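Read through the structure below, which is laid out as structure tokens, and then see the notes.
The values are calculated or read from the model by the stated rules, or taken from the named source; none is laboratory data. On a predicted model such as this, the values are computed, not experimentally measured, just so you know. Here the Cβ positions follow ideal geometry from the backbone for every residue, glycine too, while neighbour counts run over all protein chains shown. Surface accessibility is based on the protein's heavy atoms, side chains included, excluding ligands, DNA and RNA. Shrake-Rupley method; radii C 1.70, N 1.55, O 1.52, S 1.80 Å.
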Amino acid sequence: KSWGIERKLFSITLDNASSNHVCVGLLKNQFRLMNSLVYDGKLFHLRCCAHILNLIVQDGLKQIDVAVEKVRECVKYVKGSSARKTRFSQCCSQNLLDTRKALMQDVPTRWNSTYMMLSCALYYRLAFSHLSLSDSNFQDCPSSDEWERVEKMCSFLKVFYDATLQFSGSLYPTSNLYFPQIFGIHLKLVEEKKSPDEYMKK
């Protein structure tokens, strides 16, 4: 009311928390009393697409491959002490890799952090392999086959990551981006479902 938009609301976008569902019900009742509910409120509550994507990917990551676990352990190992970080920096320098691109450790509740971790680790793949040769305590380096699987997973997750970035914009409208982004994800899912690669198919 203080903004003067109580008769101008078409829809509201929220995530799927039950408290939001209750709040929307209360709002709809208020707008009905003012006779300002467009289309009887059938399109009033829109679920946040970025949140739905997050739930989908989280579900998929439950099937996560051991290779991704190994990458996680690699990152934990290197970040575990300053001596290891120094040794890893030396491995990067020997392989002519930019040491300013910091390793990232993922957060289980944020799937996009898993994508960022994998993407960053792939860049440092040679440094990890070099570290496994020079540090006998470093046991978790993925094999070349596992690195290939990580690369495939990373490429697959990039489609979701890009869509999430688009949906999360705050300086431009996002509702017009929904269909092309979701359709792109649909195509990717269908493509991988038909893939001869059993790992990606799963």
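A few notes on this one:
- Answer from 156, 167 - the residue that is farther than 21 Å from residue 67 by Cβ, surrounded by 15 or more Cβ atoms within 10 Å (Cβ to Cβ) and hydrophobic (A, V, I, L, M, F, W, C): 167
- Boolean, residue 81 is in contact with an Asp or Glu (Cβ under 9 Å, 6 or more places away or on another chain) and open to solvent by less than 60 Å² (accessible area, probe 1.4 Å): no
- Qualifying residue in segment 107-130 (condition: in contact with a Lys or Arg (Cβ under 6 Å, 6 or more places away or on another chain) and of a type in the set (Gly, Ala, Ser)): no
- Selection of segment 109-139 for residues being under 30 Å from residue 51 (Cβ atoms) and in contact with a Leu (Cβ under 9 Å, 6 or more places away or on another chain) yields 111, 112, 114, 115, 117, 118, 119, 120, 121, 123.
- A single entry from 128, 138, 183 fulfils the requirement of being over 12 Å from the mean Cα position of the chain (by Cα), part of a loop (DSSP other than H, G, I, E, B) and of a type in the set (Phe, Trp, Tyr): 138.
- Looking only at residues in segment 85-101 that are open to solvent by 70 Å² or more (accessible area, probe 1.4 Å) and in contact (Cβ under 8 Å) with a residue 12 or more places away in the chain, the one that is nearest to the chain's Cα centre (by Cα) is 101.
- Within segment 9-36, residues that are closer than 14 Å to residue 47 by Cβ have Cβ atoms under 6 Å from residues that are among the basic types (Lys, Arg) and open to solvent by 60 Å² or more (accessible area, probe 1.4 Å) in these pairs: 16/47, counting only partners at least 6 apart in sequence or on another chain.
- When the criteria are applied in full, residue 47 fails the requirement of being basic (Lys, Arg) and under 29 Å from residue 138 (Cα atoms).
- Within segment 144-173, the residues that satisfy the criterion of being free of Cβ contacts under 8 Å to residues at least 24 places away in the same chain and either in a loop (DSSP other than H, G, I, E, B) or under 21 Å from residue 76 (Cβ atoms) (or both) are 169, 170, 171, 172, 173.
- Of all residues making up segment 8-57, the number that are part of a loop (DSSP other than H, G, I, E, B), modelled with pLDDT of 85 or more and either open to solvent by 40 Å² or more (accessible area, probe 1.4 Å) or under 30 Å from residue 157 (Cβ atoms) (or both): 8
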